[in-house]
Structures are given as structure tokens and as C-alpha cells.
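One structure is given here, and the rest of the page talks about it.
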Amino acid sequence: MKNITNIFYFLISLNLIFIFTAMGQTIPKTSDQVAQPGGKITGNVNLKIVKIAEGFEGPVNISNAGDGTKRIFVVEREGKVKVINKDYSINKKPFLDLTNLRPSPINPKGNDVQSEFIEQGLFSIAFHPNFKNNGYIYVHYSSLRHNGSGIIVRFTVDKKNPEYISKKQALMTEKIIMIIEQPSHNNNGGQISFGPDGFLYIGLGDGGWGTSKKASLEHSNRLGKILRINVDTNKKYKAPEDNPFYQNGGTPENEIWAKGLHNPYKFSFDKVNGGMFIADVGDNTWEEINYIPKASKGGDNFGWPIMEGSNCHIPMGNKTKQKCKITGKFPIAKYKHPEKSSKNKSAGAFACASVQGLGVANYGGMNGVYLFGDWCLGSIYGVGWDGSKWQLEELIKTDLHITAGGNDENGNVLALSAKFYFDDQNPDRPPYGTVWKIVKN
């Protein structure tokens, strides 16, 4: 009995350690408080990756339906969503196929998705919190019919045929939620996800080469922002009245949740501790992780294009040591681009870095640790709060070409890898895309 009591108190103590470790998370006030590689995550974290599926074509997003089926949904950039079942088998028929939806003389293949450039395509899928009952799914993609604009669309799953959405069902239930004009084909962002509050969050890049230099800070457009909208309405959507700029009275200003971002390609919510982590792909010097606490009322400005990371942004080719007025909130973590090319064969001769958000881990000794990878470098990192400051640690070295990630229904963090862009030019190549689970070593 004494041993049982001791074990009981030990477990309580362990839980209290986890709770207090996650509490008190603050945003850095000075640049030296921003975590950089070389830190140590609390909990003696020791991880490895295990391949669970392969044979995907350009996977760029992964999600789960939260419906108890344990299915994993893999988004392929060209315009398909495929299903990995609970036993890790892969359904032969795509769950959703936008590549042959509307054939016409002008577009004989019928592909709704514009994916000619690497940063275009089908970006993301999100399942309504009540998906099990209403069958609503939402996708965000570069629309061929709308000249490359981002389009957010709702489809409804047929309860009689839940394994895939037929062409007929897709066309019959299609509801366009939002069209986002994109001035160029890079920095389009892409992630959409429902938050703990039931609202749909949308990550949008600053529009890339063809945009206004300060689009991310301007309230007159949606670019360089995280948007927050309510889709539970008979209208296309509506802006929640507690959005930070709602009272200003204008659209799209009333949709903005956060601004000053370069390309928030992926973001994640910590479903255990609250809070939102944003992996903001950098420009030419720094990659950064931003954080919005659970208690935030929104309106956070992360400083782009004046700031990159916690540093002044110096445009490529500008060799002057220009100074700037510190603008917006600092990231919680950052890391610098390498000066020499990566050893990762997939990155070719480029000396690059590109942060790819994976998901929040609350297992394997981790409590609210945000895991992310790098497309060029191949490494998987974690950033976590140690009770007094943020720590950034390189946790796994890989030779993967990491494109994105997400969580399964059990909370495990998954990573996607694909070799597109650098070494997939052979039209007869096999599909290189793989799915990996991050587990305790």
C-alpha cells in the first residue's frame, strides 16, 4: 500500500512539474532572450523517427479528422488528398481529387489547382470540429480558375460513402468561403486550421515578389497575416466580433488575428496547454518561430518587413549595416541561414534554410514542445519553455527533405518528406513522398 501511495504522489509531482513548466510562457522582450540552437529542452528528450507510409507525390500537409477513425490525411501539392488508415495501409482512391474536377476545352484535364510553381498548389485541409456529424472539410489551394488566387472551399462528405468525396459530391456541395488575390506565385502561405475556439485560422504569406513592401503591416489587405473567421454561418463566413481590429469597421481588417509575418506556411495549436506556434519561413538570413499565448486577444505584430527574426531586415544585396527601429514582438526562437551549402543532398548546391512546422508534442518527456524541421537542412528541432525562458534544441539529424507535418489523433507528431524541386525532374520517377512518426527513442 505504501508503494502505491508513493507512486501516486510521484505521478502527481510529475504532472505538477509539467503544468508549471508550461505556465508563465512569455514573449522575449530583448533579442538576447530569443532562443537559438544550442539550448536544452526540459525532460531529457530523446527522439527518433519511424517511417509509417510512403509513395506520395509532393506531400505538403497532413491532418486528422478527429472523428475516432485514427485516419491520417496526406495533402499532395498537385491537388489530391490521400488516406492512411489506422493500420497504416493507404487507400488506393484519393479522399479528395481536385485534379480532374471540371474538364473543359480550355482546361481538358480539369485540374482546379494551379501548381506549376513549387510554392503553389493544394496547401492544406482542415476538418470542422463537428466533422463527425456534419461532414464538412475545408481546403485552401492556388486556383487555376481564379488566376492563381488562393481559394478556401468547403466540401461535404457523403455519409453513405465516407472514404472519399466523389466528383459529383464535390461539385454538388462545393461552397467557396474566401478568395485571396495573390500578386505572385511565392510566399502564398497556405495553412488552415480550426483553433480551440472553433474558428478557422488562415496563414497567408506576404505575396512574394509582386507585393507591396509593407503588405504584412497594412490592414487594407490579407497578405502577411493570420486571419481568424467564423464559418458557422449561412453566409460564406463572418468575422468574429472579438477580433482585435473588428471595431475599426473594415474588411479585411476585421478578419486579422496577427500581422507582420513573412510566410507563415505552417502553424499549430497546443491542444493541451493552449497557445499558437507559427513557423514563419524567413527571407535571406533568419528563420523564426513565433508564439501567441492562449490568453492573447490577438493583434500581435511580428515586425516583418522591418524585422527578420529579432534583427533588422537587410534586403538581399544590400551590404550596408542599416539600422531600424525595433518593431513588433520578438519571436521565441530563431536560427540563421548557413553560409555554406547543406550536406543534405536534396538541397543541391544551395546554402539555404526553410523552417517547416510539424506539431506540438506532449509526450516522450515533452510538455508543449513545438517540433519543426528544415526543408534544406534536414534536421528536426524542438522549442520549449523551461520555466524561465525558451530553449531551442536540435533533436534529430536526418537526411530527409522535410516539407511539413502535423499531429495524428493520438497527439503524435508526424513529418512529411519529399524530394520535389531539386531531384525529381525525371517524369518517370517513383513517388518519393514519405510519412514519418516522431517517437521516443
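The values are calculated or read from the model by the stated rules, or taken from the named source; none is laboratory data. The structure displayed is predicted, hence computed values, not measured ones. Virtual Cβ from ideal backbone geometry, glycine too; neighbours counted across all protein chains shown.
For residues that are of a type in the set (S, T, N, Q) and at pLDDT below 95, scanning just segment 389-422, find the one that is farthest from ILE125 (Cα to Cα). Write out each step before concluding.
Let us first name the residues in segment 389-422 that are of a type in the set (S, T, N, Q), namely 391, 398, 403, 407, 410, 412, 417.
Next cut, at pLDDT below 95 only: 398, 403, 417.
Numbers: THR398: 27, THR403: 15, SER417: 18 Å.
Checked segment 389-422; the qualifying residue farthest from ILE125 (Cα to Cα) is THR398.
Looking at segment 261-274, which of its residues are surrounded by fewer than 24 Cβ atoms within 10 Å (Cβ to Cβ), in a loop (DSSP other than H, G, I, E, B) and at pLDDT 95 or above?
Once the filter is applied, which keeps residues that are surrounded by fewer than 24 Cβ atoms within 10 Å (Cβ to Cβ), in a loop (DSSP other than H, G, I, E, B) and at pLDDT 95 or above, segment 261-274 yields only ASP270.
What pairs come up if the first residue lies in segment 50-62 and is assigned to a loop (DSSP other than H, G, I, E, B) and surrounded by 15 or more Cβ atoms within 10 Å (Cβ to Cβ), the second is hydrophobic (A, V, I, L, M, F, W, C) and modelled with pLDDT under 95, and their beta carbons are under 7 Å apart, counting only those six or more places apart or on different chains?
What qualifies is GLY58/ALA418; GLY58/PHE420.
Does ASN243 meet the test of being surrounded by fewer than 24 Cβ atoms within 10 Å (Cβ to Cβ), touching a strand residue (DSSP E or B) at 6+ places or on another chain (Cβ under 9 Å) and either at pLDDT 95 or above or assigned to a strand (DSSP E or B) (or both)? I'd like the intermediate steps shown before the answer.
On the way: surrounded by fewer than 24 Cβ atoms within 10 Å (Cβ to Cβ): yes; touching a strand residue (DSSP E or B) at 6+ places or on another chain (Cβ under 9 Å): yes; either at pLDDT 95 or above or assigned to a strand (DSSP E or B) (or both): yes.
Yes.
Select from segment 74-89 the residues that are more than 20 Å from VAL439 (Cβ to Cβ) and either in contact (Cβ under 8 Å) with a residue 40 or more places away in the chain or among the hydrophobic types (A, V, I, L, M, F, W, C) (or both) and list them in ascending order.
VAL75, GLU76, ARG77, GLU78, GLY79, LYS80, VAL81, VAL83
Can you give me the number of residues within segment 38-73 that are in contact with a Phe, Trp or Tyr (Cβ under 9 Å, 6 or more places away or on another chain) and over 16 Å from GLY359 (Cβ atoms)?
So the answer is 12.
Out of everything in segment 92-131 that is part of a strand (DSSP E or B) and not hydrophobic (A, V, I, L, M, F, W, C), what residue ends up being surrounded by the most Cβ atoms within 10 Å (Cβ to Cβ)? Spell out the reasoning first.
Going residue by residue through segment 92-131, those that are part of a strand (DSSP E or B) are 96-97, 113, 122-127.
Checking the rest, the ones that are also not hydrophobic (A, V, I, L, M, F, W, C) come to 97, 124.
Working: ASP97: 22, SER124: 26.
Ranking the candidates gives SER124 first.
Determine the pairs where a residue that is free of Cβ contacts under 8 Å to residues at least 40 places away in the same chain, located within segment 31-42, has a partner that is surrounded by 13 or more Cβ atoms within 10 Å (Cβ to Cβ) and in a loop (DSSP other than H, G, I, E, B) with Cβ atoms under 8 Å apart, the partner being 6 or more residues away or on another chain.
none
Do we have any residue at all in segment 213-225 that's over 20 Å from TYR265 (Cβ atoms), among the small types (Gly, Ala, Ser) and at pLDDT below 95?
There is at least one residue in segment 213-225 that is over 20 Å from TYR265 (Cβ atoms), among the small types (Gly, Ala, Ser) and at pLDDT below 95.
If you scan segment 147-171, which residues turn out to be in contact with a strand residue (DSSP E or B) (Cβ under 6 Å, 6 or more places away or on another chain) and part of a loop (DSSP other than H, G, I, E, B)?
Answer for segment 147-171, where residues must be in contact with a strand residue (DSSP E or B) (Cβ under 6 Å, 6 or more places away or on another chain) and part of a loop (DSSP other than H, G, I, E, B): GLY148, SER149, ILE165.
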